[in-house]
Amino acid sequence: MRWSALWSAETVAELFDVWVEEEGIGFLLTLAHSGGIDPSVMITVADLAADLAQARHEEKPLATALVVGDPERVRAAVSPAEIRLLRLAPVREMRHTITSLASLVDGRVLAYLVDPHGVLTDIIKVSGLEPVPNAGLLGEQFCRYLRLTEVTGAVAFCLPAGGRRVKVLAAGTIVGAFEQGDWRVETLPDLDEIATHLVHDEGYDPELLERILNCAFRMSAQNLGAIFMIGDADAILLRSDPLPIVGDITVATAHVADLTDDELINFARQDGATIIDVRGEFRGCMIMLRPQPNTPAEIELGRGTRHATAAKMSAETHALAITVSQDGPITVYDGGRKVLRL
């Protein structure tokens, strides 16, 4: 007798529920039921996306996007791609093809389309989609998929450049993510409300904020870590170690508007923090922040030294800290309090 014959339907259902909870994929099954997608297909695509996020091809992390939904509705919303599939097959059988084409179908211009039954039907062109408004801080790539899911009812699994993570988008918003080996529910923050607080209540320049956050998104996509400190530069520098090679060079003050994004990113990618005052003046890079160890700040468990140091310095100097983790997430601290995580 097979052991499975001894299990009641209730026992099997209970075991399945426990597994779903432990894996953190309950939200995916909810999406499947509401979108008319076979639940097993949703799990298969999620597993594939997670595997691809942790894989490498030709020594490089993979970037792509898998869109699951009604092919007719999706095709009506996008342009046909010049690259065509020669055969239709279950997506689970097409991993080698998806991996081999990673540099071409990288999610920025082209993406894969999977129907509700798990068949990989098309390579689609998403570059012509109009991004959703008021979500620019998320980056153009995510904004295009927000639009696609909004108008087609599809679910998009986006693997940004740099690998290691997956964002799940549905109904024009972010609904979940895969990071550090785990799936979790994630919601799109109210960017308008946060921007209003930082600009009108705290007095930060909106153009400066958008500029630095755009640089942070570029760095996040490349898995480059960084700390940007915006605020009372003198107070921050007094609580920090100077540039380690100060005997040989000095940093000339320059307005951020006179620096290119590539220059800012090059400064920020070095060890230490990049300091910018409230007027947008670049005041230094490679600065080792030295806040007091007992300074209270809102730091998530497992965030690491970079986040802890930036959050504490933000609290001590009432400054804004924008941190970029090497595994992708961006966190913004205002006065030691976490106000945004993307």
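The values are calculated or read from the model by the stated rules, or taken from the named source; none is laboratory data. Computed from a predicted model, the values in this text were never measured in an experiment. Don't worry about glycine lacking a Cβ; one is built from the backbone with ideal geometry, like all the others, and counts go over all protein chains shown.
Per-structure values
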quantity: Residues of segment 275-334 that turn out to be over 21 Å from GLU179 (Cα atoms) and either part of a strand (DSSP E or B) or of a type outside the set (A, V, I, L, M, F, W, C) (or both), as a count; calculated: 30
quantity: Boolean, GLY225 is over 15 Å from ALA319 (Cα atoms) and not polar (S, T, N, Q); calculated: yes
quantity: Test: residue in segment 207-226 that is at pLDDT below 95 and over 23 Å from the mean Cα position of the chain (by Cα); calculated: no
quantity: Meets criteria (touching a residue at least 40 places away in the same chain (Cβ under 8 Å) and closer than 19 Å to ALA233 by Cβ) for ALA315; calculated: no
quantity: Residues satisfying the stated conditions in segment 166-187, i.e. within 11 Å of the chain's Cα centre (by Cα) and within 27 Å of ARG73 (Cβ to Cβ); calculated: VAL166, LYS167, VAL168, ILE174, GLY176, ALA177, PHE178, GLU186
quantity: Checklist (1) surrounded by fewer than 18 Cβ atoms within 10 Å (Cβ to Cβ); (2) acidic (Asp, Glu); (3) in contact (Cβ under 8 Å) with a residue 40 or more places away in the chain applied to ASP106, failing item; calculated: (1)
quantity: Residue within segment 54-68 that is exposed (fewer than 14 other Cβ atoms within 10 Å of the Cβ) and either more than 25 Å from ASP327 (Cβ to Cβ) or in contact with a Cys (Cβ under 9 Å, 6 or more places away or on another chain) (or both) present; calculated: no
quantity: Test set (1) buried (at least 21 other Cβ atoms within 10 Å of the Cβ); (2) in a strand (DSSP E or B) - MET219 fails condition number; calculated: (2)
quantity: Inter-residue pairs, beta-carbon under 8 Å, first among the polar types (S, T, N, Q) and in segment 196-220, second loosely packed, with under 15 Cβ neighbours inside 10 Å, 6+ apart; calculated: ASN214/ASP261
quantity: Of the criteria (1) free of Cβ contacts under 8 Å to residues at least 24 places away in the same chain; (2) outside the structural domain of THR305 (by TED's automatic domain parsing), which one GLU179 fails; calculated: (1)
quantity: Criterion (surrounded by fewer than 16 Cβ atoms within 10 Å (Cβ to Cβ), closer than 19 Å to MET313 by Cβ and either modelled with pLDDT under 95 or touching an Asp or Glu at 6+ places or on another chain (Cβ under 8 Å) (or both)) met by exactly one of ASP271, ASP258, ASP248; calculated: ASP271
quantity: Qualifying position, being in contact with a Ser or Thr (Cβ under 8 Å, 6 or more places away or on another chain) and closer than 18 Å to GLU210 by Cβ, among ALA297, ALA321, ALA273; calculated: ALA321
quantity: Boolean, GLN326 is at pLDDT 90 or above and out of contact with any Cys (no Cβ under 6 Å at 6 or more places or on another chain); calculated: no
quantity: Close pairs from segment 263-275: first assigned by TED's automatic domain parsing to the domain that holds LEU209, partner surrounded by 15 or more Cβ atoms within 10 Å (Cβ to Cβ) and assigned to a loop (DSSP other than H, G, I, E, B), Cβ under 7 Å, at least 6 apart; calculated: ARG269/LEU224
quantity: Residue list for segment 188-216, restricted to those being on the phi < 0 side of the Ramachandran plot and in a loop (DSSP other than H, G, I, E, B); calculated: LEU188, PRO189, ASP190, GLU202, TYR204, ASP205
